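All of the numbers you see were taken from the coordinates with simple rules; none came from a lab. The structure displayed is predicted, hence computed values, not measured ones. For neighbour counting, all protein chains shown are included, and Cβ atoms are generated from backbone atoms with ideal geometry for every residue, glycine included.
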Number of protein chains: 6
Amino acid sequence: MFELGVVHRNIRRADAAATDRLAAFGAATVHEAMGRVGLMKPLMRPIYSGAQIAGTAVTVLLQPGDNWMLHVAAEQIQPGDVVVAAVTAECSDGYFGDLLATSFQARGARALIIDAGVRDVRVLTEMRFPVWSKAVSAKGTIKATLGSVNVPVVCAGMLVTPGDAIVADDDGIVVVPAARVAAIAEAAAKREALETEKRLKLASGILGLDMYAMREPLAAAGLRYID
Amino acid sequence: MFELGVVHRNIRRADAAATDRLAAFGAATVHEAMGRVGLMKPLMRPIYSGAQIAGTAVTVLLQPGDNWMLHVAAEQIQPGDVVVAAVTAECSDGYFGDLLATSFQARGARALIIDAGVRDVRVLTEMRFPVWSKAVSAKGTIKATLGSVNVPVVCAGMLVTPGDAIVADDDGIVVVPAARVAAIAEAAAKREALETEKRLKLASGILGLDMYAMREPLAAAGLRYID
Amino acid sequence: MFELGVVHRNIRRADAAATDRLAAFGAATVHEAMGRVGLMKPLMRPIYSGAQIAGTAVTVLLQPGDNWMLHVAAEQIQPGDVVVAAVTAECSDGYFGDLLATSFQARGARALIIDAGVRDVRVLTEMRFPVWSKAVSAKGTIKATLGSVNVPVVCAGMLVTPGDAIVADDDGIVVVPAARVAAIAEAAAKREALETEKRLKLASGILGLDMYAMREPLAAAGLRYID
Amino acid sequence: MFELGVVHRNIRRADAAATDRLAAFGAATVHEAMGRVGLMKPLMRPIYSGAQIAGTAVTVLLQPGDNWMLHVAAEQIQPGDVVVAAVTAECSDGYFGDLLATSFQARGARALIIDAGVRDVRVLTEMRFPVWSKAVSAKGTIKATLGSVNVPVVCAGMLVTPGDAIVADDDGIVVVPAARVAAIAEAAAKREALETEKRLKLASGILGLDMYAMREPLAAAGLRYID
Amino acid sequence: MFELGVVHRNIRRADAAATDRLAAFGAATVHEAMGRVGLMKPLMRPIYSGAQIAGTAVTVLLQPGDNWMLHVAAEQIQPGDVVVAAVTAECSDGYFGDLLATSFQARGARALIIDAGVRDVRVLTEMRFPVWSKAVSAKGTIKATLGSVNVPVVCAGMLVTPGDAIVADDDGIVVVPAARVAAIAEAAAKREALETEKRLKLASGILGLDMYAMREPLAAAGLRYID
Amino acid sequence: MFELGVVHRNIRRADAAATDRLAAFGAATVHEAMGRVGLMKPLMRPIYSGAQIAGTAVTVLLQPGDNWMLHVAAEQIQPGDVVVAAVTAECSDGYFGDLLATSFQARGARALIIDAGVRDVRVLTEMRFPVWSKAVSAKGTIKATLGSVNVPVVCAGMLVTPGDAIVADDDGIVVVPAARVAAIAEAAAKREALETEKRLKLASGILGLDMYAMREPLAAAGLRYID
């Protein structure tokens, strides 16, 4: 958050295979597997419904109303990356449109997560380049002031270190530290397996009250039924 | 709003047939028929477009970050019910996901109205289980503290008594007291009949100014036309 | 903003052909061509995705909770107009629904831009009558107090003079003064031509850093690369 | 919430002596004594700091932009009452100013709680007539549409029944059901007594960790100290 | 709103004596005298309580994060002016601090109204230089991009033409067109005279119901009293 | 942000003397000296006006609705510290009141910065224990779930590492990395010296336009004066 004007070219990316596994679980399951930490604020919303991705973070620290560093970041993108952009102050300008999306896609980026605004959302949707942002705005930006690329940033209330795994879908965005990706993927897989079984039981009409054996603890907590 | 730790098993549900009639009119027409009271705050939004439902309210009072009572509520659901959930404090957590939706659907619930967040929205959309909420969040909840089921609650600014009829669509959510459902359905039907006729006139180019005979009252109020 | 109770019948509309040209460029490109002024606040959102329109402004100044003037405005609509409605105070009521939309469409209106709420959004979507608003609400309005038609209004933070060209799409809404429409269409066309060329280069993997010759100014500004 | 156009003249007010006792405890202590229910949303703020009151609720249901019912309510005020005003829709208009405050004060009202705006706040402050509101606005209101007096209302998210005790200070506003006022005053007094003792211990440097015997449960929950 | 890079040196200021008269009435009374138009949005708040001013508007159009034009505006200030500053996009930066306030005060400015943030608020309060803003922020601004001085601007939702009279106090900010200042001062004086009389009556216990002869219209509207 | 259930007892605090120097400069000057980074979001507001402090950060990561860790943090406080508290999710509950303030003050804490709510604000004000928070709420919290003490946290959008210097006043809150405190104090002192001189010139009527030699760059940027 404190370093302006630098680009770190070598970052330790989370393991690619483990990161890829995370995509299938989605943000809610991964967030549970993390022990309920790592979630960005829910004001971040996808520009279209249905995208569900995971990738390794290339981070960008932007100045308000200035998207110069997104061009610098493009060169640092490797296939499988997700660009995570923070701004040094509140800004809802449209930092990113179809031209940058074309460039990011050509470099192999899977998505953009930006704590600001985007534009050309109809075209981005047609291109199927997923973006999570806090605003949509036709207002463009200039290219005049330095920020940084691949420094730790705070995006939508969450610290992101370059190389962290990012998991995003319609439910939100979770940040998984690079060192923990394999373990979290394992934990998420276990949760998922259990859920399939539960879903079948619930669909057959079995109540959560019975499936989770909640009646006794509820009574112990003092729940009273009144007829 | 003041009673924690109780579940009322016997509630007086609004007449089923009259409640069912309300669905076709939608929230805006029913709200007019009510005399313009009974509407929840417009920050409540559907997770997908196009759902239009009516049902009888099973109410839930939840604690922040805790969805225990939704499981207790599941047992109280009868076919045709809509679960209406309030929280004792502001909370945007994802209280409800595809597992609970599976259970609610198996019990015959038609929808969930929740003054908090939900998750698994892509799956809920595929399941066609409609939810109106004020947030979407991957953040799950715990099961530790008692709330209540089938007590009067305030949801999105509106008082809901168990058994009230709930009408919800893309325009919002209206609460109809159980005792008035038949009368309101009647009034809504009358409005609807009038509207069809008006629609045809307006489509043919007749102005509202003439159709509603507004020119005289406008002039009386002092409206001046300037060429 | 200061004149209540008047309807100006003769307004100088922006050139129709030039206004029509603006639609194809969309809000972001037109906003750039304007020199980055003229954009309404980004809290204005379309009721459905994908609409992209341009038209000449018929303005309406409404009172809170009262849509009387929308009926007065309907008579002033000419084919190719866009109705732009402001309110004298904050209000999220549903001022506009399918009946008024039927009337506006019959008069040749292309869209409604309203700094308040709308309703019947499912039907409006089926009718393909595009609306940009700051809220959706089932709450209807009364017809009791005079406002004005075709006076200058402030809508979502932007001054709109009757006859101005309005350009709106999923990115937002831009207001182009009537006298500048032809020049802005020209400037937008030039931008668009350049962008097509750039898009091809970026898609081939050329970086913005090189295409825009940014490496030298970035170095001059002090950007440091760290391996 | 559903009844317009009525004034209930006879309401069962909470016991006056018990209500008066509540004032000294303040909102936070009374809220704890209630079991953490009954608090209005924290967006309600006092117009000046330092007021701390309790009184019995005379409720008012207002229409947006219309303060007619506040005049009707004035007649129902008895010494020791607090007027609690809700609106049938979101509105930040200034419903209440120094004239109404003069009238309310002459009738013996202790405060106004209003889920809307107020004005003349400098004069109200000089008069020492405390108001909690969600907005301050110079915008006045009209007197044209009926609401109700002394019906149950939802104010800032909380149900208020006429005659309930209201406790308000800089921390917020708590609603105590009339039937429970004496018991809650008793519980609050006990909490208060305990707190004085604790305050002295903490001021002497004793840690909450020891005073509340938290070290063991923290260790049991897994807290690790790292040097 | 559309003109960047210009400074109008000659503006037609509202009559000084009439403008000065407005200060004593305050924003609420002047707003009523205006027929309830001209009020800025209530999110604009004074940095300290109790200031009540009127003056003639020198307008400034600023770029986001850039306060260059405030220095250009300083030269255009004449004794009795109020600087009204708008920004071309949402921004909460601290555009104005004690240095600029020193300069503005030396030039004879009476206040600043800014649709953005300010800083050094403790010192500004000690200097008794009143500011109404939508934010307080320590974040400073740069001096790099042109805006304009003395062009029409939209500030907090209201159109301000250079030379308009501005009235501001704890209740908000009202804009009075230069040509109407004398008439509005007259109308406000009449309102004020009536209010003093009413205040005495209400203080003596007479009800608004009787003083305003409301009982009959209330009954006509259908108000029912229930014992 | 990712570590729950740990307390780091040994942190490297910023140099005490250099940190103490920062207090006199205030948040705005220190933020400038930092190169305009390090500022928390402006929604953080002091509970009373006029406090201006600096100290070394003891950080706390809290769970929603649970203030257990504030008691754990109290033991880690050393004279001259400022407690900086973040929450793992949005929460406006009143985590901190006069009892904890008594304990913190007894331990030598200078202030609390909390990205949530506080209560007992009247008493805290009388105690002159300064708190910056995003909300005031009478709603208390429980003591049930582990968070952490002295781990890096994101508070109001800014990363805080334990031991960082915190500078807070009415303008906001700035975080200075421990290693840079002496250098920043030096830079701030230089700015301050220059400002005193400038203030005298501006007070004498010299314009910023001349003092900062802006006329030429403004003309070069194309500013036009119109008479």
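Three semi-axes describe the equivalent ellipsoid of the protein assembly as shown; taken as square roots of 5 times the Cα gyration tensor eigenvalues and ordered largest first, they are 41, 41, 36 Å. Within the shell defined by Cβ-Cβ distances under 13 Å, the residues around A:E197 carry a net charge of +3, with Lys and Arg each +1 and Asp and Glu each -1. Expressed as a fraction of 2.2 N^0.38 Å, the value expected for a compact globular protein of N residues, the C-alpha radius of gyration of segment F:100-227 is 1.59.
Our summary gives segment D:137-227 a relative contact order of 11 percent, counting only alpha carbon pairs under 8 angstrom and 6 or more residues apart.
Computed from the alpha carbon positions, the gyration tensor of segment C:78-148 leads to an equivalent ellipsoid with semi-axes of 18, 15, 11 Å, biggest first.
With label points set 7 Å from Cα along Cα→Cβ, the inter-copy distances at C:G35 are 3.4, 3.4, 5.7, 5.7, 6.7 nm, sorted shortest first. Per the helix-only calculation at 222 nm, which mean residue ellipticity applies to chain C, given -39500 (n - 2.57) for every DSSP H run of n ≥ 4 and division by its residues, nearest 500 deg cm²/dmol? Dividing the helical sum by the residues of chain C leaves -10500 deg cm²/dmol. Pairwise Cα separations in segment F:1-78 fall into 10 Å bins from 0 onward with the following percentages, short to long: 14, 37, 38, 11. For segment A:175-227, the fraction of C-alpha pairs farther apart than 17 angstrom is 60 percent. Charge dipole of chain A (Cα centre as origin; +1 on each Lys and Arg Cβ, -1 on each Asp and Glu Cβ, all else neutral): 60 debye, rounded to the nearest 20.
The H on the amide N of B:R224, modeled in the peptide plane, is under 5 Å from the matching H of C:V6, C:V7, each at least 5 residues off or on a different chain.
Note on B:34-41: average number of Cβ atoms from other chains within 10 Å of each residue's Cβ is 6. What the phi angles of segment E:180-189 give under the Karplus curve with 6.51, -1.76 and 1.60, with θ = phi - 60°, is a coupling list of 9, 4, 5, 5, 5, 4, 4, 4, 5, 4 Hz, glycine and proline written as x. Put simply, the convex hull of the Cα atoms in chain D casts, on average, a shadow of 15.5 nm². Relative contact order of segment F:34-122, taken over Cα pairs closer than 8 Å and 6 or more residues apart, is 30 percent. Here F:R199 yields copy-to-copy label distances, from shortest upward, of 3.8, 3.8, 5.6, 6.6, 6.9 nm, the label point defined as 7 Å from Cα along Cα to C-beta.
Average projection, convex hull of the Cα set of segment C:134-187: 5.5 square nanometres. Our summary gives chain F a relative contact order of 30 percent, counting only alpha carbon pairs under 8 angstrom and 6 or more residues apart. Three semi-axes describe the equivalent ellipsoid of segment B:66-116; taken as square roots of 5 times the Cα gyration tensor eigenvalues and ordered largest first, they are 19, 11, 9 Å.
Think of segment E:171-224 as having a plus end and a minus end, set by charges on the Cβ of Lys, Arg, Asp and Glu; of E:A183, E:L207, E:A221, E:A221 sits farthest toward the positive end of this dipole. Rg and Dmax of segment D:157-203, both derived from C-alpha coordinates alone, stand at 13.8, 42 Å. Between this copy and the others, label points of F:A183 are 3.4, 4.9, 6.4, 6.4, 7.6 nm apart in ascending order, each placed 7 angstrom from Cα in the Cβ direction.
Each other residue within a Cβ distance under 13 Å of F:V37 adds +1 if Lys or Arg and -1 if Asp or Glu, for a net charge of 0. Whole angstrom only: what separates the Cα centroid of segment F:122-154 from the Cα centroid of segment A:106-174? If we compute the Cα centre of each part, the gap is 32 Å.
Looking down the axis that turns chain F into chain D, the chain F residue with its beta carbon nearest that axis, and the gap rounded to whole angstrom, comes out as F:S49, 6. For the listed residue pairs A:K134/B:K139; B:K139/F:K139; B:K134/C:K143; D:K134/D:K198; A:K139/C:K198, the alpha carbons are over 24 angstrom apart in B:K134/C:K143; D:K134/D:K198. Report ³J(HN,Hα) in whole Hz for each residue of segment B:121-136, in order, from the Karplus equation J = 6.51 cos²θ - 1.76 cosθ + 1.60 where θ = phi - 60°; Gly and Pro get x. Ordered by residue, 3J(HN,Hα) equals 5, 5, 5, 4, 5, 4, 6, 6, 9, x, 9, 10, 8, 9, 7, 10 Hz. Taking a Cβ cut-off of under 11 Å around E:V87, the surrounding Lys, Arg, Asp and Glu residues balance to a net charge of -3, with basic ones at +1 and acidic ones at -1.
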